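The values are calculated or read from the model by the stated rules, or taken from the named source; none is laboratory data. Nothing here was measured: the structure is a model prediction, and the numbers come from that model. As a convention, Cβ positions derive from the backbone with ideal geometry for all residues, glycine included, and neighbour counts pool all protein chains shown.
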Amino acid sequence: MEAEKNVEDVAFNILKQAVIYLPDDVKQALKKAYSEETSETGKTQLKAILDNIELAEKYQAPVCQDTGTIIFYIKAGAKVKNLDKIESAVINATKRATKEVPLRPNAVDPFTGKNSGDNTGRYLPVLNWEMVSGDSLEMTVMTKGGGSENVCIGGMIVPGEGIKGVKKFVIDAVIKAGAQPCPPTILGVAMGGGADVSMKLAKKTLLKPLTEHNPDPEIAKLEKEIFEAANMTGIGPMGLGGKTTVLGVHVDYAYRHPASFPVAVSFNCWASRRATARINANGSVEYLTHKLKQ
Amino acid sequence: MATYKLKTPISEEQIRKLKVNDVLYVTGTVVTARDQAHRRALEYFKEGKPLPLNLEGLVVFHCGPVVAKQGEKWIAVAAGPTTSTRMDIFEDEFIKNFKIRVVIGKGGMGKKTTDAMQKYGAVYGAFTGGAAVLAARAIKNVRGVEWFDLGVPEAMWIFEVEEFGPLVVAIDSHGNNLFADVQKTVEESKQKIYQKLGIS
């Protein structure tokens with residue numbers, strides 16, 4: 001009972017941290033973009049973004065009114081007790097955060113169009129489980145806005161096109177998305193695995209800080225190439241023109257079937273919201289992304 | 001790139017002065033409407049039913065806010081714009097029927113809306129997507145909420161605002177559309193990008 005309450009409190013805290021305080025790497029990237037942007041209109045947009053981030057922290061208000069779909073990534077140590085209670089604790093935390101932070105209720109029944117009012121419903125919040133060894137529980141939350149989700153895309157390229165085909169797929173997606181995902185965006189790109197696996201990996205890779213590049217130099221090179229190409233489009237901040245269209249690119253992959261080459265692009269808006277905490281076996285909690293800010 | 005400060009109700013004459021890339025701040029009454037409120041308003045018009053308030057000369061905001069209730073009073077906590085393209089299917093009729101003068105949103109709107117803005121005298125003001133607290137600070141009073149049955153994001157919120165902005169005039173009443181201009185530049189850059197990436 002006590003452990004369950006702890007999980008609920010920690011899930012509530014990281015959700016609150018995520019929607020109010022943007023991670024430092026994202027803030028730094030936006031500041032850099034502001035100093036380097038040459039388009040006058042683009043600069044007004046980046047200025048408004050930076051002002052808004054400060055105001056959100058000052059007034060402890062969600063940085064964006066679209067507090068998103070709530071997605072948890074849980075790394076559960078195999079020796080953690082009461083694993084079956086975690087799901088209900090996370091759901092309770094979501095309901096509480098909706099009321100107390102507050103968050104915008106964003107869970108709608110596709111058939112009736114009715115909003116549940118508390119951000120929960122069939123398969124919401126989303127829970128991604130990973131079983132790891134040990135006795136600690138690591139929880140990460142991402143809250144993903146609708147504007148950037150609406151332009152996410154998965155598809156199948158001809159395997160013979162190889163990495164060139166991947167590059168074209170990604171750059172075409174960026175151009176098609178234009179102003180819609182609230183640029184400057186962060187791109188998660190993944191290939192292989194299957195239609196579902198590439199989509200999942202593309203989204204999950206958005207959890208990486210912008211300062212972290214793929215350890216494989218070939219993939220890191222691809223990340224840089226896509227980054228530079230996307231910033232040549234001229235879409236600019238909010239699609240009003242300028243040189244800052246993406247803040248970063250993360251690439252991940254899985255092995256693929258010889259006949260299939262799935263590619264997926266997940267967009268995150270500039271308000272890239274994520275927070276992580278770890279609960280140790282003795283119940284102590286470490287906030288890994290947001291220190292003790294709650 | 002001139003800066004304008006307008007108060008509602010806004011006249012057609014005032015709106016015709018604005019050109020794309022100008023910066024606009026509005027003061028007065030701003031009404032939120034997303035997909036559902038647009039649809040319902042047009043249904044009401046068709047059936048000859050009056051809207052909860054007269055929108056003539058007012059500002060429509062594509063926004064689903066985060067709100068909190070303090071006693072009997074609603075507070076706008078975070079209220080940035082949503083993607084406007086979803087309202088493209090309604091906006092020309094909306095402008096024509098209700099004589100609104102400013103549409104606030106993000107991401108821009110299409111040809112049909114641009115044409116209606118030219119014909120009837122309205123502009124599209126782009127507010128920075130996600131800048132929700134900046135927007136909320138300019139909302140001085142939540143005057144009311146209508147059509148609450150549509151849910152918090154889709155309901156019609158009536159805000160009293162002071163110097164709400166900066167809004168970049170991205171569609172003016174002379175047929176200019178900044179987003180379409182940018183899109184054209186982007187399309188033109190495509191071949192250069194393909195070349196750089198070694199895609200033939």
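Annotations for the structure displayed:
- If only residues of the range A:45-59 that are more than 7 Å from chain B (Cβ to nearest Cβ) and without any contact (Cβ under 8 Å) to a residue 40 or more places away in the chain are counted, the one that is nearest to the chain's Cα centre (by Cα) is A:53.
- Selection within the range A:118-144 - part of a strand (DSSP E or B) and farther than 24 Å from residue A:96 by Cα: A:130, A:131, A:132
- Residue identified as facing chain A (nearest Cβ under 10 Å), crowded, with 22+ Cβ neighbours inside 10 Å and β-branched (Val, Ile, Thr) among B:133, B:161, B:123: B:133
- Elements of type strands (runs of 3 or more DSSP E) in the range A:245-294, at least 1 residues being more than 17 Å from the chain's Cα centre (by Cα) and of a type in the set (A, V, I, L, M): A:262-268, A:273-279, A:285-287
So that you can scan it fast, the table gives a plain yes or no per residue for (1) free of Cβ contacts under 8 Å to residues at least 24 places away in the same chain; (2) closer than 27 Å to residue B:185 by Cβ; (3) of a type in the set (Gly, Ala, Ser); (4) surrounded by fewer than 14 Cβ atoms within 10 Å (Cβ to Cβ):
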| position | (1), (2), (3), (4) |
| --- | --- |
| A:196 | yes, no, no, yes |
| A:217 | yes, no, no, yes |
| A:231 | yes, yes, no, no |
| A:241 | no, yes, yes, no |
| A:256 | no, no, no, no |
| A:261 | no, no, no, no |
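- Residues within the range A:20-46 that are β-branched (Val, Ile, Thr), within 19 Å of residue A:56 (Cα to Cα) and out of contact with any helix residue (DSSP H, G or I) (no Cβ under 8 Å at 6 or more places or on another chain), tallied: 2
- Any hit, the range A:145-155, residues being assigned to a loop (DSSP other than H, G, I, E, B), of a type in the set (Val, Ile, Thr) and modelled with pLDDT of 95 or more: yes
- Picking from residues in the range B:61-81 that are more than 9 Å from every other protein chain (Cβ to nearest Cβ) and out of contact with any helix residue (DSSP H, G or I) (no Cβ under 7 Å at 6 or more places or on another chain), the one that is surrounded by the most Cβ atoms within 10 Å (Cβ to Cβ) is B:61.
- Annotation note: of A:89, A:76, the sole residue that is assigned to a helix (DSSP H, G or I), at pLDDT 95 or above and of a type in the set (Gly, Ala, Ser) is A:89.
- Taking the criterion of being part of a helix (DSSP H, G or I), in contact with a Gly (Cβ under 8 Å, 6 or more places away or on another chain) and surrounded by fewer than 22 Cβ atoms within 10 Å (Cβ to Cβ), the only residue of the range A:37-72 that qualifies is A:43.
- Leading residue by the ranking (farthest from residue A:238 (Cα to Cα)) among those in the range B:87-105 that are in contact (Cβ under 8 Å) with a residue 40 or more places away in the chain and of a type in the set (A, V, I, L, M, F, W, C): B:98
- Some residue of the range A:98-113 being modelled with pLDDT of 95 or more, β-branched (Val, Ile, Thr) and in a helix (DSSP H, G or I): yes
- Boolean, residue A:224 is within 14 Å of chain B (Cβ to nearest Cβ), part of a helix (DSSP H, G or I) and either closer than 19 Å to residue B:196 by Cβ or in contact with a Ser or Thr (Cβ under 6 Å, 6 or more places away or on another chain) (or both): yes
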